[in-house]
Structures are given as structure tokens and as C-alpha cells.
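A short write-up of the structure that comes next.
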Amino acid sequence: MMINTSKPLNFCIKQENKATFVDFKTTFAGFPKTIAREKHWQNQDKKLVEIGQKITQLANLPAISCQDPQLSYQYQKYLYQLCRPLIAKYREYNDKQVLNVVIKRGAILINAYFPINKNQVLSVIGKRVKNQNFLGVRFSDWQMPKNISQYKILSIQEDCIATGDTIAGLLLVLQQKGLLFDKIIVNCPVATQQGVQFLEKNFKNLQLNISLYAYQLNNDFYIMRDNNRFFVGDMGEWSKISPKSYNKKAFWNKKRLDY
């Protein structure tokens, strides 16, 4: 089976023209914004922690900074370095039975880091819909391989996990479509501990490969560090395609789905 929820989630799935909307209703109304320090899952790799700090420094520059090609390249290079341990794990299980999922837009960059066969990709646009503490996710522009039923493993390359709502919504929609998998693997460079706990609590057959954990969210569900700083900022903005003049040093540029 693909997934089993360990307890009923408060959600509904609606069709809206060509889009599919997952309304989580009150699921995230009491979602913890902070994990107490004594309960933190520790980040063990000091090099990854240092890279995360460099990403944070860039993320908290003025918003227009992400439009600077050199700063954007630095951000993407550091993000690649965070993904390298995940790529090593991916190489161990990747084969013709793996269907790769790319949730646009930030994950387009993450996908480009991995040695993925473009014929084994399901891509979809996922847009969070927020109304105070109530969250939903709207999925559109589904692009699926014709032989999708042959895949046994689902590998989701995600840019970050804040609450886990996007991944949860995707899995629920796939289940509704009758798409079942023996195992679901999520590769994500940065995730909140509470987002990972939410996914682990509500879904089975799920393996989460995370490089760095964060512990705070603001009221808009952005991942935060101490002192009111963003951890990664708007990864969608920082992950936009670089100018072609960067192709040589930003080798992932030409591997993007939007190249």
C-alpha cells in the first residue's frame, strides 16, 4: 500500500476546474510554532550546520537580494551542499521502479541536484492556501508518466518542510487517484522537527531523509531561527533559474525541468 493514516485527518479534497484543492480544515489550528529546546532533535553534522548558517545569512538580506545572480548562485551552491548526503542515499535505492515527484516551484532546483531520469518524473504545481491558522494546498498542472502504475517506490524531492502540509496533501490526492506504492521516501535539505513529527504521526511507509532540522515557525508558517530571523527565507525566489552564463559552475542549471 502507499500510505495508511494512523488516525483520521480532518481534510477534504475538492476539484476546482483543472486544480485539486486539499482543505485541511482545522488540522493545523493548534500546530506548534516552537519546539522547546530540551526536546530538540540535534543536528549532528557540524559542516551542515555551518552551511545552514550561511544560507540563513543570505536569506535575511533585503528581499531584492535574491535577484542578484551571484548571491542567488551562492544560495543554490550552499543548498546543493546540504543535499549531498541525501543524494548519496538516493543513489542506493534509485532504479527503474522509482517514481520521482517534483512539487514546483522551489523543488525544481532540488530535483536538478539529483541524478534523476526525466522519464521517471511526476511534476505538479503545489500552492499553499492560508487563512489564519487554516491551511490548504492547491495542486495543478499534473504531469504524470503514462506507465505510472509500474512504480513501487515514490521519491519526493522537496525544498523544505515547514508543517508538512504540501507532502501530506500530495499523498492524500495520490491515494484518492488509486496510486499505491510500497514505500515513500522524502529527500529534503531543511525541515522543522514539528513538520517531520506531523508526517511520521499520520503516515506509514514513509522514510524522511533530512539534512538539517529547524524548530520554529512564524505566523505565516515560514521556517525561523532564533532572534526572529528566517532560516531559509523564500526558497522559491532564491531557487529561480540562473543566467546561462552560470551554467559551468552551477552545473545543476541545465538539469532543471524549466531550463
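Can you put Thr192, Thr34, Thr20 in order of Cβ neighbours within 10 angstrom, beginning with the fewest?
Details: Thr192 28, Thr34 11, Thr20 21.
Ranked by crowding around the Cβ, least crowded first: Thr34, Thr20, Thr192.
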Item to complete: Express in nm, to one decimal, how much length is gained between Leu71 and Asn147 on full extension, taking 0.36 nm for each residue of separation and deducting their alpha carbon distance.
Response: 23.3 nm
Item to complete: Fewest Cβ neighbours within 10 Å first, please rank Met144, Met235 accordingly.
Response: Met144, Met235
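What FRET efficiency comes out for the pair Lys89/Lys39, r = Cβ-Cβ distance, R0 = 25 Å, nearest 0.05?
Numbers: r = 26 Å, r/R0 = 1.03.
According to the calculation, E is roughly 0.45.
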Response to the item:
Checking region 162-231 for trypsin sites (Lys or Arg not before Pro) in a loop per DSSP with at most 16 other beta-carbon atoms within 10 Å yields Lys177, Lys204, Arg229
Worksheet item: Which shape class applies to region 12-255: rounded if a/c is under 1.5, otherwise prolate when a/b exceeds b/c and oblate if not, where a ≥ b ≥ c are the square roots of the Cα gyration tensor eigenvalues?
Response: rounded
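How high is the FRET efficiency between Lys96 and Ser245 when r is their beta carbon distance and R₀ equals 45 Å, given to the nearest 0.05? Write down the numbers at each step before the final one.
Values: r = 36 Å, r/R0 = 0.79.
Computed FRET efficiency for Lys96 and Ser245 comes out at 0.80.
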Discussion item. Nearest 5 percent is fine: what portion of the DSSP beta bridges confined to the chain is antiparallel?
Written reply: 45 percent
Worksheet, complete the sentence: Here the residues of region 31-63 lying in the modelled label zone of Arg229, meaning backbone nitrogen under 13 Å from a point 7 Å along Cα-to-Cβ, are 50-62
Worksheet item: Could you work out the helix-only [θ] at 222 nm for the chain, with each DSSP H run of four or more residues adding -39,500 (n - 2.57) and the total divided by the number of residues, to the nearest 500 deg cm²/dmol?
Response: -8500 deg cm²/dmol
Practice prompt. Work out the FRET efficiency for Gln15 and Asn117 from their Cβ-Cβ distance, taking R0 = 41 Å, and round it to the nearest 0.05.
Written response: 0.85
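Quick note: the coordinates plus some simple rules give every number you see, no bench work behind them. Note that the structure is predicted; figures quoted are calculated from it, not measured. So basically every Cβ, Gly included, is an ideal-geometry build from the backbone, and we count neighbours across all protein chains shown.
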